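Undergrad: Right, I'll just put the structure down here and ask away after.
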Amino acid sequence: MFLSKTVTTGVMSLALLTTLTGCGSDSGEDEGGSFFDKANSASASASGGTSRPSAKTLRDVQEFITGAGLPCDNLTDDEMAKGTPLGGFLGPAEQTHNPPEEADPWAIRKAGFCGETRSDTGGWLIYLPKDMKAFQENYRKIARELAKEDGYTENLARGKYFFGADFIIDPTNYLASKTLLEAGMLMENCDPSFKAPEGYRTEEALASGCVLTNYLLDPLDQ
C-alpha cells in the first residue's frame with residue numbers, strides 16, 4: 001500500500017488513496033462525528049452484529065476507557081489504594097481471608113481500579129474473568145435474590161456490570177455509564193419480561209434467561 005515512483009502505479013495509487021480516504025470516514029473521525037458517536041449509532045442497531053470491545057490486560061482496559069473519553073488515571077490492582085471504593089474488589093482480593101477451598105463464585109482472574117471514586121465522573125472497577133459465564137450466572141443469582149427480597153424488578157433489569165468481549169467494568173458513577181454503552185459495551189438484563197425498545201441492541205447472555213443489551217434503564221421509569 002505504498003506509492004510507487006512509476007506513472008502507471010502512481011495512477012493506481014491515486015485510486016487506492018481515494019479508497020483509503022473513504023475507509024477513513026468509516027472510522028468516525030471525519031466531519032460526521034467522533035468514533036464513539038458512530039459506535040453509539042452502530043450499537044443502537046438491533047440488527048447490526050457489532051462485536052463487543054476486547055481487552056486482555058488491565059492496561060488494555062484503561063486504554064479503552066480513556067479512548068472513550070473518560071478519565072482513567074492511577075490504574076492499580078491494589079484494592080486499598082487511595083481513591084478506590086470502600087467495598088474493595090470482587091474476586092481474588094476478597095478471597096484472601098477465606099479458606100482456600102472456598103471457590104470464587106465470580107471466577108475473576110484479575111481485578112483493578114482507575115479514576116477517583118469521589119470525583120464527579122467517578123472511577124472504574126475492572127475485572128478480567130477466568131470464566132465469563134460463571135460471572136454472568138452469579139450476577140443473575142444475586143439479582144434474582146434481591147428481586148425476590150424486595151419485589152422490585154429493576155434489580156433484574158438494571159444491570160450493574162458492563163460487559164466487553166473478555167472484560168467487565170463496574171462504574172462507581174452510574175450516570176456516567178452511558179458512555180460505556182456508546183463505546184460498544186453491553187449490560188446484563190435478567191428481567192424475564194424485558195423487551196428492548198426499538199433501535200436498541202440485544203444479544204443472548206451466557207447466563208440462561210438473561211440478555212446483554214445497550215438499553216440503559218432510565219431511573220425515572222423505575
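Undergrad: Per 0.36 nm of contour for each residue apart, how much would the distance between Thr179 and Tyr200 grow if the chain were fully extended, relative to their Cα-Cα spacing? Present the calculation step by step, with values, prior to reporting the outcome.
TA: Working: separation 21, 0.36 × 21 = 7.56 nm, distance 1.49 nm.
My answer for the length gained is 6.1 nm.
Undergrad: Any of Lys141/Lys195; Lys133/Lys178; Lys110/Lys148; Lys56/Lys160; Lys82/Lys148 with alpha carbons more than 26 Å apart? Name them for me. All intermediate terms of the calculation are to be shown ahead of the outcome.
TA: Working: Lys141/Lys195 20 Å; Lys133/Lys178 24 Å; Lys110/Lys148 31 Å; Lys56/Lys160 21 Å; Lys82/Lys148 36 Å.
Violating the 26 Å Cα-Cα cut-off are Lys110/Lys148; Lys82/Lys148.
Undergrad: Want the number for Ser51 to Glu145: 0.36 nm per residue separation, take away the alpha-carbon distance, what's left?
TA: 30.8 nm
Undergrad: Where Rh denotes the Kirkwood radius from the mean inverse Cα pair distance, what is Rg over Rh for segment 134-218?
TA: On the way: Rg = 11.9 Å, Rh = 12.9 Å.
On the Cα set of segment 134-218, Rg over Rh gives 0.93.
Undergrad: Using the basic label-point model (7 angstrom from Cα toward the beta carbon), what is the Leu86 to Lys133 distance in nanometres?
TA: 3.8
Undergrad: Now for a different question. For the full complex of protein chains and a 1.4 angstrom probe, list Met80, Met132 by accessible area with the highest value first.
TA: Values: Met80 155, Met132 30 Å².
Accessible-area ranking of Met80, Met132, largest first: Met80, Met132.
Undergrad: With a 1.4 Å probe and all protein chains in place, put Arg158, Arg109 in order of accessible area, largest first. Mind showing how you got there, number by number?
TA: On the way: Arg158 75, Arg109 130 Å².
Of Arg158, Arg109, the descending order of accessible area is Arg109, Arg158.
The values are calculated or read from the model by the stated rules, or taken from the named source; none is laboratory data. Being a predicted model, the structure only gives us computed values, none of them experimental. Positions of Cβ are backbone-derived with ideal geometry, glycine not excepted, and every protein chain shown enters the neighbour counts. Surface areas here come from the heavy atoms of the whole protein model, side chains and all, with no ligands, DNA or RNA. Shrake-Rupley method; radii C 1.70, N 1.55, O 1.52, S 1.80 Å.
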